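Read-outs throughout are calculated quantities, based only on the coordinates presented, and are distinct from any laboratory measurement. All values derive from a computational prediction rather than experimental measurement. Positions of Cβ are generated from backbone atoms using ideal geometry, with glycine treated the same way; all protein chains shown enter the neighbour counts.
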Amino acid sequence: MPGRGNDWFTPRTPHTTLRSQATRDRILLEASRLFARHKYEATTIRAVATAAGVTPALVMRYYGSKDGLFAAVTELNFYVPDLSGIPPKDRGAAMVANFLQRWEGDSRSEGLHILIRVASSLESARLRLIEAVDMQTRAMVGNTGTPDSRRTRSALIATQFGGLAFTRYVLRIPSVVALDHPTIIRNIGPVIQHYLDS
């Protein structure tokens, strides 16, 4: 099995597995901090290894390259919410609530934050972010209307969520950051609902 090194031939005990996972978790934690602080270009494997208290060779052994490490840090569960149990008139508000949960309440939200911060300078991050947004908006729109209308509504919904993400999590405009969830849901929910109903 390529990429696993000589330890593939060594029987693994539960202790070894747990220790290995703890090391991986520590590397990912420090890598996420460095990517968030210095962006992709200025983050090095050596800096991540130093911060995690391991050797650069071990980071490379686990993740193969800086690209592989970045992919692991920004690995997303492209969660598509089930709207079937939500009345159609309430789905706009539900989608805004889901957005806030994914960006602020999910344990892996840091990956989203890193992606949007580096998407303008790193093509792989831009494509991953587009994939996430596309899956989410297409799930919101569903199969109603013509293909052209679905594309239009998906695009308009993306402008709302993209603008909210950029101003709240990248620019961190104080007045936007200060908005609480009920206020955001109450005001942006009807806009999303309008696009869903168009």
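Values computed for the structure shown
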| read-out | value |
| --- | --- |
| Label-point gap, in nm, between Thr152 and Met135 - each point 7 angstrom along Cα→Cβ | 2.8 |
| Relative contact order of the chain, pairs being alpha-carbon contacts under 8 Å that are 6 or more residues apart, as % | 21 |
| Peptides 120-133, 29-42 ordered by average Cβ neighbours within 10 Å, highest first | 29-42, 120-133 |
| Relative contact order of segment 111-198, defined on C-alpha pairs under 8 angstrom at six or more residues apart (%) | 24 |
| Added length on full extension, which subtracts the Cα-Cα distance from 0.36 nm per residue, Ala36 to Arg186 | 51.0 nm |
| Net length gained if the chain between Ala51 and Val177 were fully extended (0.36 nm per residue, minus Cα distance) | 42.4 nm |
| Asp25 versus Ser198: modelled label distance in nm, points set 7 Å from Cα along the beta carbon direction | 4.5 |
| For segment 103-145: rounded, prolate or oblate by the Cα gyration tensor [a/c cutoff 1.5] | oblate |
| Relative exposure of Lys89, Lys66, judged by other C-beta atoms within 10 Å (fewest first) | Lys89, Lys66 |
| Global form of segment 112-198, assessed from the alpha-carbon gyration tensor, a/c cut-off 1.5 | oblate |
| Segments 43-53, 90-100 sorted - mean Cβ within 10 Å per residue, highest first | 90-100, 43-53 |
